[in-house]
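Take a look at the structure below.
The values are calculated or read from the model by the stated rules, or taken from the named source; none is laboratory data. The model shown is predicted, which means the values in this text are computed figures rather than measured ones. When we count neighbours, we look across all protein chains shown, and the Cβ atoms used for this are built from the backbone with ideal geometry, even at glycine.
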Amino acid sequence: MNEKRTVSRSNRLRKKQPPKIRFPVCKGKRVVFPRGHVCPWCRKNKLSDSPGMAILNAGAMRPTAPECYEMAQDDAAFMTLSWHGNDTPNNPRGHGEFATIRIADLVDTGQFEFYFCSTDCLRAFLNYCVDDLERRRANHPRHAK
Ligand SMILES: [Zn+2]
């Protein structure tokens with residue numbers, strides 16, 4: 001027991017705890033993440049510092065003519081990660097198992113952007129999102145062990 005605690009504490013010290021991020025990070029009039037100018041993952045670097053920033057940009061475009069598009073600003077943008085269970089002979093309880101994480105939800109103007117100081121921080125954020133989906137799936141009552 002004590003040995004497990006030591007390993008756990010050691011891992012915690014070695015791996016920096018992720019920031020507490022509440023989902024959705026963009027919703028309604030909030031179309032950019034973060035609100036300020038500091039990287040939302042490492043919280044050390046300013047997004048305006050050299051060499052630049054990594055951007056995740058998503059949204060919808062409306063066709064206005066063949067091969068011409070404009071932003072669909074009267075639409076609401078979203079971004080989710082989901083797990084949808086399927087029945088299989090080895091997993092008969094799989095159907096109905098559903099987990100989802102709404103990273104962005106009903107965002108005005110049909111588009112949103114996430115900013116990070118580096119691709120490492122962008123990657124860590126995306127891993128955090130997938131980890132959160134796995135946590136939600138593990139907590140689902142129909143989760144097949
Ligand atoms: Zn960063």
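A99 - would you say it is within 21 Å of the chain's Cα centre (by Cα), surrounded by 15 or more Cβ atoms within 10 Å (Cβ to Cβ) and farther than 16 Å from L133 by Cα?
Answer is no for this residue.
Select from segment 65-75 the residues that are surrounded by fewer than 16 Cβ atoms within 10 Å (Cβ to Cβ) and closer than 16 Å to G110 by Cα and list them in ascending order.
Y69, E70, M71, Q73, D74 - these are the residues of segment 65-75 that are surrounded by fewer than 16 Cβ atoms within 10 Å (Cβ to Cβ) and closer than 16 Å to G110 by Cα.
Which one is nearest to the chain's Cα centre (by Cα), of the residues in segment 102-145 that are surrounded by fewer than 20 Cβ atoms within 10 Å (Cβ to Cβ) and of a type in the set (V, I, T)?
Checking each candidate, the answer is V130.
Among the residues of segment 41-52, is there at least one that is under 19 Å from R22 (Cβ atoms) and in contact with a helix residue (DSSP H, G or I) (Cβ under 9 Å, 6 or more places away or on another chain)?
Scanning segment 41-52, I find at least one residue that is under 19 Å from R22 (Cβ atoms) and in contact with a helix residue (DSSP H, G or I) (Cβ under 9 Å, 6 or more places away or on another chain), so the answer is yes.
Residue-wise test of (1) over 21 Å from N127 (Cα atoms); (2) among the charged types (D, E, K, R).
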position: S50; (1), (2): yes, no
position: P63; (1), (2): yes, no
position: D74; (1), (2): yes, yes
position: T80; (1), (2): no, no
position: N90; (1), (2): yes, no
position: E97; (1), (2): yes, yes
position: R102; (1), (2): no, yes
position: F112; (1), (2): no, no
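Mind telling me which of the residues G52, G85, G28 ends up being at pLDDT below 95 and small (G, A, S)?
G85
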